Amino acid sequence: MAEEEQDHVDRILAQWRRERPDLDVEPMGILGRLKRLGTHLGREVETVLARHGLSTSSFDVLATLRRSGVPYQLSPGDLLEMTMVSSGTMTNRIDQLEKAGFVERLLNPEDRRSVLIVLTEKGLATVEEAVGAHVANQQRLTRNLTAEDKVEFDRLLKKFLSDFE
C-alpha cells in the first residue's frame, strides 16, 4: 500500500506487526476502523441534531414515538424495549423531553396505573424536521459508496452484528 493511501489504523497495525509479528492483528484493523468511523459519524449526527435542539438520545426517543405511528404514543416499557437503554436512563430522557415540551405523560386509558408517553405538537413538528435533516445527513455521509457498496457493506455489518444480537 502506498504511503498516501495508508490511514491511521494502517500505521498502528504496521507498528504491531513490527513489534509483535507473532500476532494476527487483522481484526484490530477492522475493529479500529469501526471505532474511528463510529466516532466520526457520531459527531456528524450530533451536529445536525443539535440544530434542532436535540441530542442523539432525545432524538432516539422522539423518533421511536414518531415511527410508532398515530397516535404517536408508547408505554415507557415499549420505549425501553425499542431503544435498549436502562429504566433510569429512559426516565431521565422522558423527564427532559417533557420539560422541553416535546412529550407528555398521559394516564393509560386501558390501565389507569400506568402512563403513556405521547408526542406533543411541538415534539411532532421538531422530530419531523429533525428526521428529514437526519436522513439527508445520512445520505451525505454515505455518498462515496456506490449502491452496490452499500448493499455489500450492509450485508457484512448485519452478518458481524448477528454474533452479538
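Summary of computed values
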item: Selection status of ALA130, closer than 29 Å to LEU74 by Cβ and under 22 Å from the mean Cα position of the chain (by Cα); result: yes
item: Residue match in the range 137-160 (condition: open to solvent by 50 Å² or more (accessible area, probe 1.4 Å), basic (Lys, Arg) and part of a loop (DSSP other than H, G, I, E, B)); result: yes
item: Count of residues meeting criterion [in a loop (DSSP other than H, G, I, E, B), open to solvent by less than 50 Å² (accessible area, probe 1.4 Å) and more than 27 Å from THR39 (Cα to Cα)] in the range 69-105; result: 6
item: Some residue of the range 112-123 being touching a residue at least 60 places away in the same chain (Cβ under 8 Å) and surrounded by 11 or more Cβ atoms within 10 Å (Cβ to Cβ); result: yes
item: Breaking point among (1) open to solvent by 60 Å² or more (accessible area, probe 1.4 Å); (2) closer than 17 Å to GLN138 by Cβ; (3) not acidic (Asp, Glu), for GLY38; result: (1)
item: Any hit, the range 135-158, residues being touching a Phe, Trp or Tyr at 6+ places or on another chain (Cβ under 7 Å) and farther than 14 Å from LEU54 by Cβ; result: yes
item: Check on LEU62, at pLDDT below 95, within 19 Å of the chain's Cα centre (by Cα) and open to solvent by less than 60 Å² (accessible area, probe 1.4 Å); result: no
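A quick yes/no check of all residues on (1) aromatic (Phe, Trp, Tyr); (2) more than 21 Å from ASP60 (Cβ to Cβ):
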position	(1), (2)
VAL85	no, no
ARG112	no, yes
GLN139	no, no
LYS150	no, yes
PHE153	yes, yes
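The values are calculated or read from the model by the stated rules, or taken from the named source; none is laboratory data. Just so it is clear, the model here is predicted, and its values are computed rather than measured. Neighbour counts run over all protein chains shown; Cβ positions are idealised from the backbone, glycine included. The accessibility values were calculated without ligands, DNA or RNA, using every heavy atom of the protein model including side chains. Shrake-Rupley method; radii C 1.70, N 1.55, O 1.52, S 1.80 Å.
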